[in-house]
Amino acid sequence: MKKLLIVVATVAVGFLGYQFYVRKLAGQQQAASALLPVNVLEVTEREYFPHVSFVAKIEPKEKVAILARVTGFLTQRLFAEGDYVKEGQILFEIEKDQFEAALRRAEANVAKAKASEANAVAQYQRAKDLIKTNDISKARLDEREAEASGAEALVRQAESEAELARLNLDYTDIRAPLSGRIGEAYYSVGALISPESGVLANIVSTTPIYAVFSVPENQLLQMRHTFAADQEKATEGVDITFVFADGEVYNHPGSLNFIDIELDQQMNTLKLRASFPNPDNGLIPGQYGRVVIAYKKPQNALLVPQLAVQRDLAGAFVYVVNEKNQIEKRPVNEGVELDGGAVAIEKGLAVGERIVVDNFQKIVPTMFVNPTLVEWQTVVPDQKEVTE
């Protein structure tokens, strides 16, 4: 009987213990379910190719407005609008008759002036011979000398006028000052044009062609830190590409050929320019896209999703879930932002820490949460953009 009582007591104690454990576990589960659920990502060091991109506008290396240099009627237009023209090619012709007549008149005046000069020189030479025998006065000799000098000056004047007439005749052929594509013609054949008529057409060079973009000062500092410590080597080891507005990548690589010497004081940005070959006219002046500067060698860094980085007046920060599942507000220093939705963290995080990637509006520092660990791909789906 005594043994039976002992057995019954043991079973009862075990049963009570089990019920206590079940109630405790249920209480813990209920308490956990009452906490704010958040998704967290474990911070790891990842390999990536640093790259940055900027909105860019395509501009020609050279652009020239074609103007008339003489007044006259247009007799020919010798190009098709939009065509490629070569340097020196005749584009427009102005009626030549009056200019040819002016040149003939000027050349006749040159011949007349030279004849007068020859006579004046001969008279002066004769006077010098006569002065030796006192058959002419000194005053008369001086007059002959002055006449010879005046005749020589008239020749130079006539020759200058003939040269001007020849230039004006040449200007009736309006030529391309550079090779490139020519735009719309603003005057038709038969129109009276002059230097005051304005632009007849525009020519833009097509290759190489420029992509001009501006870099904010803070991003410029990040680029210098990421791409090269030595500013003179900042463009070594990088690939420069142009991406069209629809996402297509231009098939010719570029090179950085200009960095402005001072920041734009209003926008606090620095102007840069990349040069691209353009043999097939794939890039059109005025076109917008993006210039992408990518480092050729991979680097390792603590990458986090951009959406995990919050900002306030004190700067950038992330929410970290500590070992007690308690929220910590952690200031961080950001590095280069990547197009794939990630950003490199230079300071503030360590490998293995857990950062919050959702429910930011409901989070308060020091609160306890119910974290769920998620994979990188679920937060930053375009992994290729980050690692390549």
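Computed values, structure above
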quantity	calculated
Residue check for ALA162: at pLDDT 85 or above and over 28 Å from GLU100 (Cβ atoms)	no
ILE193 being within 30 Å of PRO208 (Cα to Cα), among the β-branched types (Val, Ile, Thr) and modelled with pLDDT of 95 or more	no
Which listed residue is modelled with pLDDT under 95 and under 49 Å from the mean Cα position of the chain (by Cα), from ASP129, ASP135, ASP83	ASP83
Subset of the stretch 273-331 that is in a strand (DSSP E or B) and of a type in the set (S, T, N, Q) - its residue that is surrounded by the most Cβ atoms within 10 Å (Cβ to Cβ)	SER275
Search result, residues across the stretch 129-153 that are in a helix (DSSP H, G or I) and farther than 16 Å from ALA113 by Cα	ASP129, LEU130, ILE131, LYS132, LYS138, ALA139, ARG140, LEU141, ASP142, GLU143, ARG144, GLU145
Among the candidates ASN322, ASN359, ASN333, residue that is touching a residue at least 40 places away in the same chain (Cβ under 8 Å) and either assigned by TED's automatic domain parsing to the domain that holds SER214 or polar (S, T, N, Q) (or both)	ASN359
Residue that is surrounded by the fewest Cβ atoms within 10 Å (Cβ to Cβ), among those in the stretch 250-261 that are over 15 Å from PHE213 (Cβ atoms) and at pLDDT 90 or above	ASN251
Residue under evaluation GLN361, criteria (1) at pLDDT 85 or above; (2) touching a strand residue (DSSP E or B) at 6+ places or on another chain (Cβ under 9 Å); (3) not basic (Lys, Arg), criterion not met	(2)
Set LYS114, LYS128: member being loosely packed, with under 14 Cβ neighbours inside 10 Å, farther than 24 Å from TYR171 by Cβ and in contact (Cβ under 8 Å) with a residue 12 or more places away in the chain	LYS128
Any hit, the stretch 335-354, residues being part of a helix (DSSP H, G or I) and out of contact with any His (no Cβ under 6 Å at 6 or more places or on another chain)	no
Within the stretch 216-249, tally of residues that are modelled with pLDDT under 90, surrounded by 12 or more Cβ atoms within 10 Å (Cβ to Cβ) and aliphatic (A, V, I, L, M)	5
Number of the exception - ILE66 against (1) closer than 30 Å to ASN359 by Cα; (2) at pLDDT 55 or above	(1)
Residue count, the stretch 177-205 (criterion: out of contact with any strand residue (DSSP E or B) (no Cβ under 9 Å at 6 or more places or on another chain) and in a strand (DSSP E or B))	0
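So that you can scan it fast, the table gives a plain yes or no per residue for (1) within 29 Å of VAL238 (Cα to Cα); (2) under 25 Å from the mean Cα position of the chain (by Cα); (3) in the same structural domain as SER214 (by TED's automatic domain parsing); (4) outside any loop (DSSP other than H, G, I, E, B):
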site	(1), (2), (3), (4)
LYS57	yes, yes, yes, yes
ARG69	no, no, no, no
PHE73	no, no, no, yes
PHE79	no, no, no, no
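Residues checked against (1) loosely packed, with under 14 Cβ neighbours inside 10 Å; (2) basic (Lys, Arg); (3) touching a Lys or Arg at 6+ places or on another chain (Cβ under 8 Å); (4) without any contact (Cβ under 8 Å) to a residue 60 or more places away in the chain:
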site: PRO50; (1), (2), (3), (4): no, no, no, no
site: ILE58; (1), (2), (3), (4): no, no, no, no
site: THR71; (1), (2), (3), (4): no, no, no, no
site: LEU103; (1), (2), (3), (4): no, no, yes, no
site: LYS132; (1), (2), (3), (4): yes, yes, no, yes
site: ASP142; (1), (2), (3), (4): yes, no, no, yes
site: ALA148; (1), (2), (3), (4): no, no, no, yes
site: ALA153; (1), (2), (3), (4): yes, no, no, yes
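The values are calculated or read from the model by the stated rules, or taken from the named source; none is laboratory data. This structure is a prediction, so every number in the text was calculated from the model and none was measured. Cβ coordinates were reconstructed from backbone atoms using ideal geometry, including for glycine residues, and neighbour counts include every protein chain displayed.
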